[in-house]
Amino acid sequence: MVKKSIKKYIPNTKEKYMCAKHKKYFTNKLITWRKEIIKSNNESVILNNLDDNVSSADIVDQASSHTEKSVELRASNRRRKLVNKIDHALKKIKDGTYGYCEETGEPIGLKRLIARPIATLSIEAQERHEKEEKIYVEN
């Protein structure tokens, strides 16, 4: 039996920007990413609940456990926010605005979307935004 190598599709610039193939690719990528995040959050909740049942008389162990839980809680909150951004991107795919900069309306670009499928700004708009934030923070 000869194995066929399944070539994984990657969007390219020769195709029409945000054609059906592109939308399907990004939808699948976002849904897979979303499932992984939710699974990770569920696992961390289970592990934290198991850890809650263990109490230590040692104050250093208690402090360490509290710090670990605090860090995990922040990570869990970041993952929840990421799920919201993924949901927003999936909605944009459905309404036809995915892949276009929210500031300029210009295409974000396939390379950027492949690297960061939840991107909402083109590289240029993102850089402007970051420079404005930096100036604001410095003042």
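The values are calculated or read from the model by the stated rules, or taken from the named source; none is laboratory data. Remember, predicted model here, so these are calculated numbers, not experimental data. Cβ placement follows ideal geometry from the backbone for every residue including glycine, while neighbour counts extend to all protein chains displayed.
Figure legend. Inter-residue proximity from region 95-111: first residues within 10 Å of M18 (Cα to Cα), second residues surrounded by 14 or more Cβ atoms within 10 Å (Cβ to Cβ) and of a type in the set (V, I, T), beta-carbon distance below 8 Å, spacing 6+ or different chains. Indicated pairs: G99/I108; Y100/I108. Of the residues making up region 112-127, those that are touching a residue at least 24 places away in the same chain (Cβ under 8 Å) and in a helix (DSSP H, G or I) number 3. The number of residues in region 76-132 being small (G, A, S), in contact with a strand residue (DSSP E or B) (Cβ under 8 Å, 6 or more places away or on another chain) and within 19 Å of N28 (Cβ to Cβ) comes to 1.
Of all residue pairs spaced 6 or more apart or on separate chains, those with beta-carbon atoms under 8 Å, a first member in region 63-79 that is farther than 19 Å from N42 by Cβ and a second member that is of a type in the set (D, E, K, R) are S65/D51.
Just checking, which of L73, L47, L30 is surrounded by 10 or more Cβ atoms within 10 Å (Cβ to Cβ) and either in contact with a strand residue (DSSP E or B) (Cβ under 9 Å, 6 or more places away or on another chain) or modelled with pLDDT of 95 or more (or both)?
On the way: L73 fails: either in contact with a strand residue (DSSP E or B) (Cβ under 9 Å, 6 or more places away or on another chain) or modelled with pLDDT of 95 or more (or both); L47 fails: either in contact with a strand residue (DSSP E or B) (Cβ under 9 Å, 6 or more places away or on another chain) or modelled with pLDDT of 95 or more (or both).
The conditions single out L30.
For (1) part of a helix (DSSP H, G or I); (2) at pLDDT 90 or above, each residue gets a yes or a no:
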position: A57; (1), (2): no, no
position: Q62; (1), (2): yes, no
position: V83; (1), (2): yes, yes
position: E103; (1), (2): no, yes
